[in-house]
Amino acid sequence: MVNETSSSSVRTGDSMLLENAFEHIEIEISGAITTVWLARPPVNSVSQAMYREIEAFFSSHDTYVPSTKAIVLAGRGRHFSAGNDLHEFGTLTPENSDERMAEVRAAFFAIQDCPVAVVGAVQGAAVGTGLAIAASCDFVVAADNARFGTPEIGVGIMGGARHLARLVPEPILRWMYLTGEPINVRRLEALGAVLEVTSPEVVVARAREHAGRIVRHSSAAIRMAKRSLNAIELLDLQPGYTFEQGLTRELSGHPDSVEARRATLEQRIPNYSA
(Lines give C-alpha, C1' and ligand atoms only; values in the text may rest on other atoms or scores of the structure.)
Protein backbone atom coordinates (compact mmCIF):
# COMPACT_ATOMS: atom_id res chain seq x y z
CA MET A 1 0.00 0.00 0.00
CA VAL A 2 1.19 3.51 -0.75
CA ASN A 3 2.34 5.19 2.43
CA GLU A 4 0.20 8.25 3.14
CA THR A 5 3.02 9.98 4.99
CA SER A 6 5.38 12.23 3.09
CA SER A 7 8.41 10.46 1.67
CA SER A 8 11.96 11.34 2.63
CA SER A 9 15.30 10.56 1.01
CA VAL A 10 18.61 9.23 2.29
CA ARG A 11 21.81 9.64 0.27
CA THR A 12 24.13 6.63 0.00
CA GLY A 13 27.24 7.33 -2.08
CA ASP A 14 26.18 8.60 -5.49
CA SER A 15 22.61 7.34 -5.02
CA MET A 16 19.62 8.52 -3.06
CA LEU A 17 17.06 6.15 -1.57
CA LEU A 18 13.50 7.47 -1.46
CA GLU A 19 12.09 6.41 1.91
CA ASN A 20 8.56 6.04 3.31
CA ALA A 21 6.92 6.09 -0.12
CA PHE A 22 6.09 2.39 -0.47
CA GLU A 23 6.14 -0.82 1.54
CA HIS A 24 6.93 -3.44 -1.11
CA ILE A 25 9.07 -1.55 -3.62
CA GLU A 26 12.19 0.55 -3.07
CA ILE A 27 13.16 3.60 -5.11
CA GLU A 28 16.86 4.41 -5.62
CA ILE A 29 17.76 7.58 -7.54
CA SER A 30 21.10 8.21 -9.24
CA GLY A 31 21.09 11.19 -11.57
CA ALA A 32 18.70 10.62 -14.47
CA ILE A 33 18.44 6.87 -13.71
CA THR A 34 16.11 5.45 -11.07
CA THR A 35 16.29 1.84 -9.91
CA VAL A 36 13.02 0.33 -8.72
CA TRP A 37 13.54 -2.72 -6.53
CA LEU A 38 10.83 -5.32 -6.04
CA ALA A 39 11.27 -5.87 -2.31
CA ARG A 40 8.91 -8.41 -0.79
CA PRO A 41 11.06 -11.20 0.66
CA PRO A 42 11.85 -13.98 0.38
CA VAL A 43 11.12 -14.30 -3.38
CA ASN A 44 9.33 -11.04 -4.25
CA SER A 45 5.98 -12.75 -4.78
CA VAL A 46 3.44 -10.08 -5.62
CA SER A 47 0.45 -9.42 -3.40
CA GLN A 48 -2.53 -7.24 -4.31
CA ALA A 49 -1.03 -4.44 -2.21
CA MET A 50 2.23 -4.73 -4.13
CA TYR A 51 0.39 -4.60 -7.47
CA ARG A 52 -1.20 -1.35 -6.32
CA GLU A 53 2.20 0.07 -5.38
CA ILE A 54 3.72 -0.84 -8.74
CA GLU A 55 0.81 0.80 -10.56
CA ALA A 56 0.99 3.88 -8.33
CA PHE A 57 4.68 4.45 -8.98
CA PHE A 58 4.86 3.74 -12.70
CA SER A 59 1.67 5.62 -13.56
CA SER A 60 2.81 8.69 -11.57
CA HIS A 61 6.58 8.36 -11.63
CA ASP A 62 7.03 12.07 -12.39
CA THR A 63 5.61 12.79 -8.93
CA TYR A 64 8.30 10.70 -7.23
CA VAL A 65 11.30 11.03 -9.56
CA PRO A 66 10.65 14.02 -11.84
CA SER A 67 14.20 14.17 -13.28
CA THR A 68 14.32 10.51 -14.29
CA LYS A 69 14.86 9.57 -17.95
CA ALA A 70 15.19 5.79 -17.50
CA ILE A 71 14.18 3.23 -14.88
CA VAL A 72 15.92 -0.04 -14.07
CA LEU A 73 13.51 -2.59 -12.60
CA ALA A 74 15.18 -5.28 -10.48
CA GLY A 75 14.48 -7.63 -7.58
CA ARG A 76 16.03 -7.57 -4.13
CA GLY A 77 17.64 -10.82 -3.07
CA ARG A 78 18.17 -13.94 -5.15
CA HIS A 79 15.06 -13.63 -7.34
CA PHE A 80 13.39 -11.07 -9.58
CA SER A 81 9.89 -12.34 -8.75
CA ALA A 82 8.59 -15.86 -8.23
CA GLY A 83 5.08 -14.82 -9.27
CA ASN A 84 1.81 -14.16 -7.52
CA ASP A 85 1.33 -14.52 -3.80
CA LEU A 86 -0.33 -17.93 -3.95
CA HIS A 87 -1.77 -17.55 -0.45
CA GLU A 88 -3.87 -14.69 -1.79
CA PHE A 89 -4.61 -16.53 -5.01
CA GLY A 90 -5.88 -19.43 -2.95
CA THR A 91 -8.88 -17.28 -2.07
CA LEU A 92 -9.63 -16.30 -5.68
CA THR A 93 -13.23 -16.89 -6.76
CA PRO A 94 -15.40 -15.89 -9.74
CA GLU A 95 -16.98 -13.29 -7.43
CA ASN A 96 -13.77 -11.48 -6.42
CA SER A 97 -11.59 -12.12 -9.48
CA ASP A 98 -12.66 -9.10 -11.55
CA GLU A 99 -11.49 -6.56 -8.97
CA ARG A 100 -8.24 -8.39 -8.29
CA MET A 101 -7.41 -8.98 -11.95
CA ALA A 102 -8.01 -5.28 -12.68
CA GLU A 103 -5.28 -4.42 -10.16
CA VAL A 104 -2.93 -7.01 -11.70
CA ARG A 105 -3.24 -5.72 -15.24
CA ALA A 106 -3.09 -2.09 -14.09
CA ALA A 107 0.37 -2.80 -12.64
CA PHE A 108 1.63 -4.50 -15.82
CA PHE A 109 0.18 -1.83 -18.09
CA ALA A 110 1.65 0.99 -15.97
CA ILE A 111 5.15 -0.42 -16.52
CA GLN A 112 4.58 -0.81 -20.25
CA ASP A 113 2.99 2.65 -20.58
CA CYS A 114 5.57 4.42 -18.42
CA PRO A 115 6.63 7.43 -20.53
CA VAL A 116 10.35 6.86 -19.89
CA ALA A 117 12.44 3.81 -20.75
CA VAL A 118 12.20 0.80 -18.40
CA VAL A 119 15.05 -1.73 -18.40
CA GLY A 120 14.52 -5.07 -16.67
CA ALA A 121 17.40 -6.60 -14.67
CA VAL A 122 16.43 -10.22 -13.98
CA GLN A 123 18.14 -12.79 -11.83
CA GLY A 124 16.75 -15.99 -10.37
CA ALA A 125 13.05 -16.65 -10.88
CA ALA A 126 10.95 -14.57 -13.25
CA VAL A 127 7.90 -16.79 -13.50
CA GLY A 128 4.20 -16.08 -13.88
CA THR A 129 3.72 -12.52 -12.74
CA GLY A 130 7.50 -12.15 -12.62
CA LEU A 131 7.72 -12.95 -16.32
CA ALA A 132 4.86 -10.55 -17.13
CA ILE A 133 6.59 -7.75 -15.21
CA ALA A 134 9.87 -8.42 -17.04
CA ALA A 135 8.10 -8.57 -20.42
CA SER A 136 6.41 -5.24 -19.67
CA CYS A 137 9.84 -3.59 -19.69
CA ASP A 138 11.31 -2.16 -22.89
CA PHE A 139 14.08 -4.78 -22.83
CA VAL A 140 15.70 -7.16 -20.34
CA VAL A 141 19.22 -7.89 -19.18
CA ALA A 142 19.33 -11.32 -17.53
CA ALA A 143 21.66 -13.15 -15.18
CA ASP A 144 22.88 -16.59 -16.16
CA ASN A 145 20.84 -18.05 -13.28
CA ALA A 146 17.61 -16.44 -14.50
CA ARG A 147 14.61 -18.72 -14.98
CA PHE A 148 11.70 -17.51 -17.12
CA GLY A 149 8.46 -19.47 -17.13
CA THR A 150 4.68 -19.45 -17.23
CA PRO A 151 3.51 -22.03 -14.67
CA GLU A 152 -0.11 -20.83 -14.74
CA ILE A 153 -1.51 -24.06 -16.19
CA GLY A 154 -0.15 -25.98 -13.21
CA VAL A 155 -1.66 -23.69 -10.57
CA GLY A 156 -5.12 -23.43 -12.11
CA ILE A 157 -5.08 -19.88 -13.46
CA MET A 158 -4.54 -18.16 -16.80
CA GLY A 159 -2.45 -15.18 -17.87
CA GLY A 160 1.07 -14.35 -18.97
CA ALA A 161 0.96 -15.86 -22.46
CA ARG A 162 0.35 -12.53 -24.15
CA HIS A 163 3.29 -11.00 -22.30
CA LEU A 164 5.44 -14.00 -23.19
CA ALA A 165 4.55 -13.32 -26.85
CA ARG A 166 6.61 -10.12 -26.62
CA LEU A 167 9.68 -12.31 -26.00
CA VAL A 168 9.48 -15.57 -27.95
CA PRO A 169 8.04 -17.01 -31.19
CA GLU A 170 4.63 -18.71 -31.09
CA PRO A 171 5.82 -22.37 -31.04
CA ILE A 172 8.14 -21.68 -28.09
CA LEU A 173 5.37 -19.73 -26.36
CA ARG A 174 2.93 -22.62 -26.73
CA TRP A 175 5.46 -25.18 -25.50
CA MET A 176 6.27 -23.08 -22.43
CA TYR A 177 2.62 -22.32 -21.66
CA LEU A 178 1.22 -25.81 -22.21
CA THR A 179 4.02 -27.60 -20.35
CA GLY A 180 4.38 -24.98 -17.62
CA GLU A 181 8.14 -25.53 -17.79
CA PRO A 182 10.79 -22.78 -17.85
CA ILE A 183 13.25 -22.33 -20.68
CA ASN A 184 17.02 -21.95 -20.50
CA VAL A 185 18.09 -18.32 -20.40
CA ARG A 186 20.77 -18.94 -23.04
CA ARG A 187 18.04 -20.19 -25.38
CA LEU A 188 16.12 -17.01 -24.68
CA GLU A 189 19.21 -14.96 -25.47
CA ALA A 190 19.56 -16.77 -28.81
CA LEU A 191 15.90 -15.99 -29.57
CA GLY A 192 16.44 -12.31 -28.80
CA ALA A 193 14.12 -12.41 -25.78
CA VAL A 194 16.79 -10.90 -23.52
CA LEU A 195 19.38 -8.37 -24.60
CA GLU A 196 22.31 -10.11 -22.92
CA VAL A 197 23.16 -12.66 -20.26
CA THR A 198 25.68 -11.86 -17.57
CA SER A 199 26.51 -12.89 -14.01
CA PRO A 200 24.10 -12.23 -11.12
CA GLU A 201 26.72 -10.02 -9.48
CA VAL A 202 26.70 -7.47 -12.30
CA VAL A 203 23.24 -7.80 -13.88
CA VAL A 204 21.91 -4.60 -12.30
CA ALA A 205 25.10 -2.71 -13.14
CA ARG A 206 24.84 -3.85 -16.78
CA ALA A 207 21.19 -2.77 -16.92
CA ARG A 208 22.22 0.62 -15.56
CA GLU A 209 24.92 0.88 -18.24
CA HIS A 210 22.31 0.35 -20.92
CA ALA A 211 20.06 2.90 -19.20
CA GLY A 212 23.02 5.28 -19.26
CA ARG A 213 23.12 5.05 -23.04
CA ILE A 214 19.47 6.09 -23.13
CA VAL A 215 19.67 9.06 -20.78
CA ARG A 216 22.27 10.77 -22.98
CA HIS A 217 19.34 11.84 -25.14
CA SER A 218 16.81 14.55 -24.39
CA SER A 219 13.90 13.77 -22.11
CA ALA A 220 11.46 14.98 -24.76
CA ALA A 221 12.90 12.63 -27.39
CA ILE A 222 12.96 9.63 -25.03
CA ARG A 223 9.33 10.16 -24.12
CA MET A 224 8.32 10.59 -27.74
CA ALA A 225 10.26 7.45 -28.70
CA LYS A 226 8.54 5.46 -25.96
CA ARG A 227 5.15 6.74 -27.08
CA SER A 228 5.98 5.79 -30.65
CA LEU A 229 7.27 2.31 -29.84
CA ASN A 230 4.20 1.43 -27.78
CA ALA A 231 1.84 2.68 -30.47
CA ILE A 232 3.47 0.95 -33.45
CA GLU A 233 4.28 -2.40 -31.81
CA LEU A 234 1.38 -4.21 -33.46
CA LEU A 235 0.83 -1.93 -36.47
CA ASP A 236 1.66 -2.87 -40.04
CA LEU A 237 4.56 -1.06 -41.68
CA GLN A 238 2.70 1.64 -43.55
CA PRO A 239 0.32 2.84 -40.80
CA GLY A 240 3.15 2.45 -38.28
CA TYR A 241 5.53 4.66 -40.23
CA THR A 242 2.78 7.18 -40.89
CA PHE A 243 2.23 7.40 -37.13
CA GLU A 244 5.97 7.95 -36.59
CA GLN A 245 5.98 10.76 -39.13
CA GLY A 246 3.19 12.47 -37.20
CA LEU A 247 5.37 12.38 -34.09
CA THR A 248 8.27 13.84 -36.09
CA ARG A 249 6.07 16.79 -36.95
CA GLU A 250 5.07 17.15 -33.29
CA LEU A 251 8.64 16.87 -31.96
CA SER A 252 10.32 19.04 -34.58
CA GLY A 253 9.28 22.29 -32.89
CA HIS A 254 10.67 21.32 -29.49
CA PRO A 255 13.87 23.21 -28.52
CA ASP A 256 15.67 19.93 -27.84
CA SER A 257 14.87 18.68 -31.32
CA VAL A 258 16.23 21.89 -32.80
CA GLU A 259 19.33 21.57 -30.59
CA ALA A 260 19.87 17.92 -31.56
CA ARG A 261 19.87 18.73 -35.25
CA ARG A 262 22.08 21.77 -34.80
CA ALA A 263 24.58 19.82 -32.67
CA THR A 264 24.69 17.03 -35.26
CA LEU A 265 25.50 19.52 -38.02
CA GLU A 266 28.12 21.25 -35.85
CA GLN A 267 29.59 17.91 -34.71
CA ARG A 268 29.36 18.69 -31.00
CA ILE A 269 27.64 17.30 -27.91
CA PRO A 270 24.08 18.68 -27.66
CA ASN A 271 23.04 20.82 -24.71
CA TYR A 272 19.50 19.69 -23.90
CA SER A 273 17.03 21.47 -21.65
CA ALA A 274 16.33 18.17 -19.83
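Only residues that are in a loop (DSSP other than H, G, I, E, B) and hydrophobic (A, V, I, L, M, F, W, C): list them for region 82-97, please.
Those that are in a loop (DSSP other than H, G, I, E, B) and hydrophobic (A, V, I, L, M, F, W, C): ALA82, LEU92.
Is there a residue in region 202-222 that is within 29 Å of GLY159 (Cα to Cα) and among the polar types (S, T, N, Q)?
So far as region 202-222 goes, no, none of its residues is within 29 Å of GLY159 (Cα to Cα) and among the polar types (S, T, N, Q).
For residues that are small (Gly, Ala, Ser) and surrounded by 15 or more Cβ atoms within 10 Å (Cβ to Cβ), scanning just region 155-164, find the one that is nearest to the chain's Cα centre (by Cα). Before you say what the answer is, go through the steps one by one.
First, the residues of region 155-164 that are small (Gly, Ala, Ser): 156, 159-161.
Imposing the further condition that a residue be surrounded by 15 or more Cβ atoms within 10 Å (Cβ to Cβ) reduces the set to 159-161.
Numbers: GLY159: 18, GLY160: 15, ALA161: 17 Å.
By that ranking, first place goes to GLY160.
For (1) more than 29 Å from PRO94 (Cα to Cα); (2) crowded, with 20+ Cβ neighbours inside 10 Å; (3) among the aliphatic types (A, V, I, L, M), each residue gets a yes or a no:
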{"site": "VAL118", "(1), (2), (3)": "yes, yes, yes"}
{"site": "VAL122", "(1), (2), (3)": "yes, yes, yes"}
{"site": "ALA132", "(1), (2), (3)": "no, yes, yes"}
{"site": "ALA143", "(1), (2), (3)": "yes, yes, yes"}
{"site": "ILE153", "(1), (2), (3)": "no, no, yes"}
{"site": "TRP175", "(1), (2), (3)": "no, no, no"}
{"site": "ASN184", "(1), (2), (3)": "yes, no, no"}
{"site": "GLU189", "(1), (2), (3)": "yes, no, no"}
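Could you list, in sequence order, the residues of region 223-240 that are assigned to a helix (DSSP H, G or I) and either loosely packed, with under 12 Cβ neighbours inside 10 Å or among the β-branched types (Val, Ile, Thr) (or both)?
Those that are assigned to a helix (DSSP H, G or I) and either loosely packed, with under 12 Cβ neighbours inside 10 Å or among the β-branched types (Val, Ile, Thr) (or both): ILE232, LEU237, GLN238, PRO239.
May I ask you to say which residue of VAL141, VAL168 is assigned to a loop (DSSP other than H, G, I, E, B) and either out of contact with any Leu (no Cβ under 7 Å at 6 or more places or on another chain) or in the same structural domain as THR91 (by TED's automatic domain parsing) (or both)?
VAL168
If ALA220 satisfies every condition in (1) in contact with a His (Cβ under 9 Å, 6 or more places away or on another chain); (2) crowded, with 20+ Cβ neighbours inside 10 Å but one, which is the exception?
(2)
Of the residues ARG206, ARG186, which is closer than 20 Å to SER136 by Cβ and in a helix (DSSP H, G or I)?
ARG206
Quick one: in region 17-39, of everything that is more than 23 Å from ALA274 (Cβ to Cβ) and touching a Gly at 6+ places or on another chain (Cβ under 9 Å), which residue is surrounded by the fewest Cβ atoms within 10 Å (Cβ to Cβ)?
ALA39
The values are calculated or read from the model by the stated rules, or taken from the named source; none is laboratory data. Given the structure is predicted, the values throughout are model-derived calculations rather than measurements. Here the Cβ is made from the backbone with ideal geometry for all residues, glycine too, and neighbour counts use every protein chain on show.
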